[in-house]
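Here the structure comes first, spelled out in structure tokens, and everything after it is commentary.
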Amino acid sequence: MEIIHVSAECYPVAKAGGLGDVVGALPKYQCKAGDIAKVVMPMYRTKFLYDNEWEVDFKGSSNLGNWHFDYTVIKEKTNKLGFDLYLIDINGLLDRQKIYGYNDDAERFTAFQIAVVNWLSNWEHRPDIVHCHDHHTALIPFMMQFCYDYQFLGSIPTVLTIHNGQYQGWMGWDKSIFIPRWDLWKRGMLDWEGNINPLASGVKCAGKVTTVSMSYLDELRVNANGLEKLFEYERGKCVGILNGIDNEVWDPQTDPYLEHHFDIQNVTVGKQKNKAALCARFGLNPEKPLFAFIGRLVGEKAADVLPDAIRTAIHHTQGNASFLILGSGETAVEWEFQQMTGIHSGVFNAVIGYDEKLSHHIYAGADFLLMPSRVEPCGLNQMYAMRYGTVPVVRSTGGLKDTVVDMGDFEGFGIRFDHASIADIDYSVGRAVSVYQDKTHMEWMRKHMMQIDHSWERTVDEYKAVYQSLK
Ligand code: ADP
């Protein structure tokens with residue numbers, strides 16, 4: 001089977017969150033399983049671009065409304081990621097430092113999608129599946145069926161995976177001129193409540209829709225940022241498939257970012273060494289339980305509640321727990337954390353920014369990982385934490401619910417709570433501090449969760465079943 005993944009992110013080329021991790025790993029494991037998986041994404045100005053060798057695969061041109069643009073498809077020469085990687089260069093539009101966050105993101109990603117279908121229409125053969133990821137690529141199923149120039153691609157089955165349904169890529173109908181000549185009778189396939197909604201369009205037009213956990217699929221029917229009814233209506237074509245993690249990248253025995261490697265046998269000592277280094281760097285006491293948070297500082301992750309919750313927990317534990325934050329996002333939250341670094345120095349520290357290497361150190365050195373997320377489609381952090389013997393302390397939602405079993409339940413190894421509130425977080429920190437005193441229990445939990453199989457090998461078969469159902 002030949003599968004083309006179309007995505008805005010792919011680790012290690014460009015990553016802003018879990019989407020990048022998934023698109024960097026799933027195709028690799030699909031290739032290992034004997035299929036041909038390829039990735040096509042925008043060509044941003046990233047380090048990966050300059051550090052690697054490329055060959056030109058195709059040159060073409062198309063239109064975005066009245067604007068005629070040329071595009072170039074380049075291919076990484078050495079297959080170093082374990083799959084063929086193609087980047088689309090549209091001069092002035094995609095070749096920027098950041099992935100998202102520009103005023104013309106609607107134009108950028110629409111042009112990218114047009115270039116993808118235009119490129120595909122020039123192939124001498126047809127792939128078996130076009131697999132789109134999130135709203136940035138969700139207009140492709142529409143384009144392949146209802147744009148006159150590309151309708152002949154309509155027989156290729158399409159799959160849309162929703163990594164985050166909160167972001168939908170809305171645009172006003174004035175932007176409809178960007179979409180290549182399309183069948184105006186199909187307006188309803190683009191529209192949701194008076195706007196063009198790319199994610200809704202993808203859900204309507206794709207052959208199958210997958211979400212990155214089973215619980216998230218259920219939750220979308222009641223909380224989907226306005227698309228609840230659509231998910232209810234289309235539930236027959238939706239499947240929940242839990243993400244895997246790349247066990248080759250995330251392995252505490254071989255992780256090149258770590259100075260002190262460890263495995264399941266020496267997890268207690270290995271984590272102690274990593275924790276000592278981390279605490280020395282951030283002025284924290286390694287004797288105290290260390291709680292970490294890694295992620296985007298946004299409402300979805302309940303980052304707004306964290307400063308008060310941590311202050312309360314510092315008060316209630318009488319300074320007998322330490323907290324370390326790595327993340328960036330809303331300015332007000334960033335500012336609060338920066339203030340707290342001074343006020344609570346010795347028990348609190350925060351790094352505002354994105355730091356891949358530090359994130360690996362934290363997974364290896366922390367005792368507990370806090371994830372009070374309001375919405376968590378799958379969540380990879382808790383799975384990385386488990387692989388590195390760090391106990392997840394999570395809100396019961398989405399993928400967190402599907403992967404973490406509370407230590408009060410049979411064979412439980414984590415801590416779960418119901419509300420993204422100060423009280424629930426504070427109470428859960430209290431439970432964690434208590435269990436931390438019980439070294440035998442901690443070691444059992446660490447070893448138990450390190451054995452859990454979250455590998456992609458398991459997940460690849462589930463995607464294959466979805467593809468085959470479309471043949
Ligand atoms: P998201 O909703 O952000 O996609 P996920 O849990 O699916 O959340 O994936 C988050 C990924 O991004 C993880 O690999 C996590 O380690 C990484 N990450 C998030 N914020 C940062 C940061 N500030 N520095 C380093 N890595 C980060």
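The values are calculated or read from the model by the stated rules, or taken from the named source; none is laboratory data. All figures in this text were calculated on a predicted structure; none of them were measured in a lab. Every residue, glycine as well, gets a Cβ built from its backbone with ideal geometry; the counts of neighbours run over all protein chains shown. The area values use the complete protein model at the heavy-atom level, side chains included, leaving out ligands, DNA and RNA. Shrake-Rupley method; radii C 1.70, N 1.55, O 1.52, S 1.80 Å.
If you go through segment 190-223 and keep only what is over 26 Å from Ser469 (Cα atoms), surrounded by fewer than 24 Cβ atoms within 10 Å (Cβ to Cβ) and not polar (S, T, N, Q), you end up with Asp191, Trp192, Glu193, Gly194, Val222.
Name the residue that is most open to solvent (accessible area, probe 1.4 Å), counting only residues in segment 10-24 that are within 11 Å of the ligand (Cβ to nearest atom) and more than 9 Å from the chain's Cα centre (by Cα). Step through it out loud before you land on a result.
First, the residues of segment 10-24 that are within 11 Å of the ligand (Cβ to nearest atom): 11, 15-22, 24.
Add one more test, that the residue is more than 9 Å from the chain's Cα centre (by Cα), and what stays is 11, 24.
Details: Tyr11: 54, Gly24: 11 Å².
So, considering only residues that are within 11 Å of the ligand (Cβ to nearest atom) and more than 9 Å from the chain's Cα centre (by Cα), the one most open to solvent (accessible area, probe 1.4 Å) is Tyr11.
Quick test for you: out of Asp251, Asp255, Asp218, pick the one residue that is modelled with pLDDT of 95 or more and assigned by TED's automatic domain parsing to the domain that holds Val22. Working first, answer last.
Values: Asp251 fails: assigned by TED's automatic domain parsing to the domain that holds Val22; Asp255 fails: assigned by TED's automatic domain parsing to the domain that holds Val22.
It is Asp218.
Taking the listed residues Val466, Val460, the one that is surrounded by 20 or more Cβ atoms within 10 Å (Cβ to Cβ) and out of contact with any strand residue (DSSP E or B) (no Cβ under 7 Å at 6 or more places or on another chain) is Val460, with no other qualifying.
One line per residue, one yes/no per condition, for (1) crowded, with 21+ Cβ neighbours inside 10 Å; (2) modelled with pLDDT of 95 or more; (3) small (Gly, Ala, Ser); (4) closer than 26 Å to Lys237 by Cβ:
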{"site": "Arg96", "(1), (2), (3), (4)": "no, yes, no, no"}
{"site": "Ala115", "(1), (2), (3), (4)": "yes, yes, yes, no"}
{"site": "His131", "(1), (2), (3), (4)": "yes, yes, no, yes"}
{"site": "Phe142", "(1), (2), (3), (4)": "yes, yes, no, yes"}
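There is at least one residue in segment 168-189 that is in contact (Cβ under 8 Å) with a residue 24 or more places away in the chain, surrounded by fewer than 16 Cβ atoms within 10 Å (Cβ to Cβ) and touching an Asp or Glu at 6+ places or on another chain (Cβ under 7 Å). Screening Asp308 against (1) closer than 22 Å to Gly414 by Cα; (2) away from the ligand (no atom under 16 Å from the Cβ); (3) open to solvent by 10 Å² or more (accessible area, probe 1.4 Å); (4) touching a helix residue (DSSP H, G or I) at 6+ places or on another chain (Cβ under 6 Å) leaves a single unmet condition, (1).
Out of Gly60, Gly34, which single residue is more than 16 Å from the chain's Cα centre (by Cα), farther than 30 Å from Ile294 by Cβ and in contact (Cβ under 8 Å) with a residue 24 or more places away in the chain? Spell out how you get there, then give the answer.
On the way: Gly34 fails: in contact (Cβ under 8 Å) with a residue 24 or more places away in the chain.
Selected residue: Gly60, the only one of Gly60, Gly34 that is more than 16 Å from the chain's Cα centre (by Cα), farther than 30 Å from Ile294 by Cβ and in contact (Cβ under 8 Å) with a residue 24 or more places away in the chain.
Selection over segment 313-332 of residues that are more than 16 Å from the ligand (Cβ to nearest atom), under 30 Å from the mean Cα position of the chain (by Cα) and among the β-branched types (Val, Ile, Thr) gives a count of 0. The set of residues in segment 63-85 that are free of Cβ contacts under 8 Å to residues at least 60 places away in the same chain and within 20 Å of Tyr150 (Cα to Cα) comprises Trp67, His68, Phe69, Asp70, Tyr71, Thr72, Val73.
Candidates Ala432, Ala420: the one that is more than 25 Å from the chain's Cα centre (by Cα) and farther than 20 Å from Asp453 by Cβ is Ala432. Checked against the criterion of being at pLDDT 95 or above and assigned to a helix (DSSP H, G or I), segment 2-16 contains not a single residue that satisfies it.
Please verify whether Pro180 is farther than 26 Å from Gly24 by Cα and in a loop (DSSP other than H, G, I, E, B), treating the condition exactly as stated. Yes, satisfied. Output the residue which, of all residues in segment 252-263 that are under 17 Å from Gly389 (Cα atoms) and loosely packed, with under 15 Cβ neighbours inside 10 Å, is farthest from the ligand (Cβ to nearest atom). That would be Asp263.
Residue by residue, here is whether (1) free of Cβ contacts under 8 Å to residues at least 60 places away in the same chain; (2) open to solvent by less than 20 Å² (accessible area, probe 1.4 Å); (3) assigned to a helix (DSSP H, G or I) holds:
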residue: Val269; (1), (2), (3): yes, no, yes
residue: Pro286; (1), (2), (3): yes, no, no
residue: Phe291; (1), (2), (3): no, yes, no
residue: Leu324; (1), (2), (3): yes, yes, no
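Screening Phe69 with (1) touching a Lys or Arg at 6+ places or on another chain (Cβ under 7 Å); (2) open to solvent by less than 10 Å² (accessible area, probe 1.4 Å) gives one miss only, at (1). Which of the following residues is assigned to a helix (DSSP H, G or I), out of contact with any His (no Cβ under 7 Å at 6 or more places or on another chain), in the same structural domain as Arg181 (by TED's automatic domain parsing) and aromatic (Phe, Trp, Tyr): Tyr71, Tyr102, Tyr29, Tyr44? After ruling out the rest, the residue left standing is Tyr29.
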